[in-house]
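Trainee: Once you've had a glance at the structure underneath, I'll fire off some questions.
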Amino acid sequence: MTRHREIAEMSGVELLAHYRDKRLSPVEATEDALARIERFNPQVNAYCHVDPQGALDAAKASEQRWFKGQPCGALDGVPASIKDLTLTRGMPTRKGSKTTSASGPWDVDAPFPAFMRNAGAVLLGKTTTPEFGWKGVTDNPLYGITRNPWDTRTTAGGSSGGAAAAASLNLGVLHQGSDAGGSIRIPCAFTGTFGIKPTFGYVPQWPASAMTILSHLGPMTRTVDDALLMLQTVARPDARDGLAGAPRSTPWLPQSTDLKGLRIAYSADFGYVKVQPQVARVVARAVERLAQLGADVEQVDPGFSDPLELFNTLWFAGAARLAGQLSQEQHKQLDPGLLRIARQGEGISLHDYTLALEARAALVAHMAGFHRRYDLLVSPMLPLTAFAAGHNVPPGSGLGEWMEWTPFSYPFNLTQQPAASVPCGFAEDGLPVGLQVVGARFADDQVLRLCRAYEQAFPSPHPQAPRIKD
């Protein structure tokens, strides 16, 4: 078999084309991914669990199907990972917490890995998350710190930081993330990868997240087309999820390669966010490029004030619900930051929680009106580049909680809109910058159209190996 370039640089779409033409075997692709995990994972901690034998067995079965010309699904033989918050048959789901047991039995697949497996994906292992996915960086008491491949001194973001580091280094090509306050988009922006949280409920989630109506599941990949492959596979109903919306009946494949006719609102700071100048410059250049691609761009803020208090009411209440299921002895094993916000959540009254739900509904209605005028909203994904690993907030910033440095992300968990981070360049410190693309609810295809067109016109490089700096 021949390769037109190294397997390490291939996308899922390219791997499938090679399988189809019998130029490459799923076993070769899986062996390559496992070898690079063994080589690079100690430097970044992308994976907290790897299942070499299970992956190779799945790859061998896929190889036989391809040799017969009978692939079992759209992802047959493509190496993939699942986040360590998601139940996965045959693999431990420890959620980054010493309060969980290693004993298992680990005999049930949540909907996401079940759909991936049924489509033939080769599951390599589980990616690292902060404890119970509670914060926007990835470190936990059980598995340690996940680092950014562009500079291992810095964070990969969170809570899907392991998936982002794996995608950046192509340690497998398809990676599952979850996002209840930015947890797909934050690490994608920090690592120069692509990720989308689809409209709430398009991808079923079971067991339910402690953050319930805030939590979305979605893909994290190097390319938009690979994310589309995943979405076509996992955006389907599962009776166990009582919050999931109606499934899509048609593939999410944007046909246009330009942006003609799209009405895009660009907000540099939402009217209240302080953005690092080095980030602002990269995003402004990206917005100029959107106009070059044919979009009708207007600079305008979305017209709401910072909903941080509203978000924190729902988030802290979810943390309290989570901690309330644990014993006092287990509380001693928790990340102190998680326990702190859980204690705050215990003080939220039913009245205050109901008021927060009403305020959330008003924000949903406001953004629905906004999108009657504009197809998409674009902004910086984050106001800063990746900071030192092992810290919840940038050292010396004076900030108290992680939510304070990601003001562009959580509003759209409140509104349940589709939102993506697409890499749009590098800041002066050499670290990636992400462009956030937000669509109206159920307009995921518009978000993907912009991201795909931008990626094709202005492709972003990826690291060949972790960059270790003193």
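The values are calculated or read from the model by the stated rules, or taken from the named source; none is laboratory data. Predicted model only: the values in this text are computed from it and were never measured. Cβ coordinates were reconstructed from backbone atoms using ideal geometry, including for glycine residues, and neighbour counts include every protein chain displayed.
For every residue, the table says whether it meets (1) in contact with a Leu (Cβ under 9 Å, 6 or more places away or on another chain); (2) more than 25 Å from N170 (Cβ to Cβ).
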residue	(1), (2)
L75	yes, no
T99	yes, yes
D107	no, yes
V122	yes, no
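Trainee: Considering A119, A167, A156, A163, which residue is among the small types (G, A, S), more than 30 Å from G73 (Cα to Cα) and touching a Gly at 6+ places or on another chain (Cβ under 9 Å)? Before you say what the answer is, go through the steps one by one.
Mentor: Numbers: A119 fails: more than 30 Å from G73 (Cα to Cα); A167 fails: more than 30 Å from G73 (Cα to Cα); A163 fails: more than 30 Å from G73 (Cα to Cα).
Only one candidate qualifies: A156.
Trainee: Same structure again: Confirm whether F190 is within 23 Å of G77 (Cα to Cα) and of a type in the set (F, W, Y). Even if it seems obvious, please write down each step before you answer.
Mentor: Working: within 23 Å of G77 (Cα to Cα): no; of a type in the set (F, W, Y): yes.
Judged against the criteria, F190 is not a match.
Trainee: Then there's this: Restricting the search to segment 263-279, which residues are assigned to a helix (DSSP H, G or I) and polar (S, T, N, Q)? Break it down stepwise before answering.
Mentor: Of the residues in segment 263-279, the ones assigned to a helix (DSSP H, G or I) are 277-279.
Listed by number, the list holds a single entry, Q278.
Trainee: Does any residue of segment 280-295 turn out to be within 26 Å of V364 (Cα to Cα), in a strand (DSSP E or B) and aliphatic (A, V, I, L, M)?
Mentor: Scanning segment 280-295 turns up no residue that is within 26 Å of V364 (Cα to Cα), in a strand (DSSP E or B) and aliphatic (A, V, I, L, M).
Trainee: For segment 418-452, give me each residue that is farther than 25 Å from L171 by Cα, of a type outside the set (D, E, K, R) and surrounded by 24 or more Cβ atoms within 10 Å (Cβ to Cβ).
Mentor: Matches in segment 418-452: P418, V437, V438, G439, V447, L450.
Trainee: Find the residue count for segment 211-239, including only residues that are of a type outside the set (V, I, T) and part of a helix (DSSP H, G or I). Outline the logic, then answer.
Mentor: From segment 211-239, those of a type outside the set (V, I, T) are 211, 214-220, 222, 225-232, 235-239; that's our starting set.
Then keep just the ones that are part of a helix (DSSP H, G or I); that gives 214, 225-232.
Looking only at that region, the number is 9.
Trainee: What about A457, is it in contact with a His (Cβ under 8 Å, 6 or more places away or on another chain), closer than 22 Å to L231 by Cβ and surrounded by fewer than 24 Cβ atoms within 10 Å (Cβ to Cβ)?
Mentor: No.
Trainee: Report yes if A80 is within 15 Å of the chain's Cα centre (by Cα), at pLDDT 95 or above and of a type in the set (G, A, S), otherwise no.
Mentor: Values: within 15 Å of the chain's Cα centre (by Cα): yes; at pLDDT 95 or above: yes; of a type in the set (G, A, S): yes.
In short, yes.
Trainee: Among (1) closer than 13 Å to L87 by Cα; (2) of a type outside the set (D, E); (3) assigned to a strand (DSSP E or B), which single condition is F115 missing?
Mentor: (3)
Trainee: What number of residues within segment 90-130 satisfy the criterion of being of a type in the set (D, E, K, R) and touching a helix residue (DSSP H, G or I) at 6+ places or on another chain (Cβ under 7 Å)?
Mentor: Kept after step one, since they are of a type in the set (D, E, K, R), are these residues of segment 90-130: 94-95, 98, 107, 109, 117, 126.
Within this subset, residues satisfying the condition of being touching a helix residue (DSSP H, G or I) at 6+ places or on another chain (Cβ under 7 Å) are 95, 109.
Qualifying residue count, segment 90-130: 2.
Trainee: Does A189 satisfy being more than 18 Å from L87 (Cα to Cα) and within 14 Å of the chain's Cα centre (by Cα)? Outline the logic, then answer.
Mentor: Working: more than 18 Å from L87 (Cα to Cα): yes; within 14 Å of the chain's Cα centre (by Cα): yes.
So A189 fits the description; yes.
Trainee: Looking at this structure, is A33 within 24 Å of the chain's Cα centre (by Cα), closer than 30 Å to R153 by Cβ and not β-branched (V, I, T)? It would help to see each step written out before you state the result.
Mentor: Details: within 24 Å of the chain's Cα centre (by Cα): yes; closer than 30 Å to R153 by Cβ: yes; not β-branched (V, I, T): yes.
So A33 passes the test.
Trainee: Need the failing condition index for S267 against (1) surrounded by 14 or more Cβ atoms within 10 Å (Cβ to Cβ); (2) among the hydroxyl-bearing types (S, T, Y); (3) modelled with pLDDT under 95, just the number.
Mentor: Of (1) surrounded by 14 or more Cβ atoms within 10 Å (Cβ to Cβ); (2) among the hydroxyl-bearing types (S, T, Y); (3) modelled with pLDDT under 95, only one is false for S267: (3).
Trainee: Go through segment 28-49 residue by residue and tally those that are surrounded by fewer than 19 Cβ atoms within 10 Å (Cβ to Cβ) and among the aliphatic types (A, V, I, L, M).
Mentor: Going through segment 28-49 one residue at a time, the tally reaches 1.
Trainee: Does A342 count as free of Cβ contacts under 8 Å to residues at least 40 places away in the same chain, aliphatic (A, V, I, L, M) and farther than 21 Å from V137 by Cα? Reasoning before the result, please.
Mentor: Values: free of Cβ contacts under 8 Å to residues at least 40 places away in the same chain: yes; aliphatic (A, V, I, L, M): yes; farther than 21 Å from V137 by Cα: no.
So A342 does not fit the description; no.
Trainee: Counting only residues that are over 24 Å from S421 (Cα atoms) and of a type in the set (S, T, Y), which one in segment 341-396 is surrounded by the most Cβ atoms within 10 Å (Cβ to Cβ)?
Mentor: The first filter runs over segment 341-396 and keeps only residues over 24 Å from S421 (Cα atoms), leaving 341-359, 361-362, 395-396.
Those still in the list that are of a type in the set (S, T, Y) too: 349, 353-354.
Working: S349: 9, Y353: 14, T354: 10.
So the residue we want is Y353.
Trainee: Within segment 415-457, take every residue that is touching a helix residue (DSSP H, G or I) at 6+ places or on another chain (Cβ under 6 Å) and in a loop (DSSP other than H, G, I, E, B) and give me the one that is farthest from A235 (Cα to Cα).
Mentor: Per the stated criteria, the residue is E428.
Trainee: Output the residues belonging to segment 423-433 that are touching a Gly at 6+ places or on another chain (Cβ under 8 Å) and either among the aliphatic types (A, V, I, L, M) or under 24 Å from H371 (Cβ atoms) (or both).
Mentor: Those that are touching a Gly at 6+ places or on another chain (Cβ under 8 Å) and either among the aliphatic types (A, V, I, L, M) or under 24 Å from H371 (Cβ atoms) (or both): C424, V433.
Trainee: Further question: Out of segment 319-334, which residues are in contact (Cβ under 8 Å) with a residue 40 or more places away in the chain and either over 17 Å from R94 (Cα atoms) or of a type in the set (A, V, I, L, M) (or both)?
Mentor: In the first step, residues of segment 319-334 are kept if they are in contact (Cβ under 8 Å) with a residue 40 or more places away in the chain; the result is 319, 321-322, 326, 330, 333-334.
Passing the criteria: A319, R321, L322, L326, L334.
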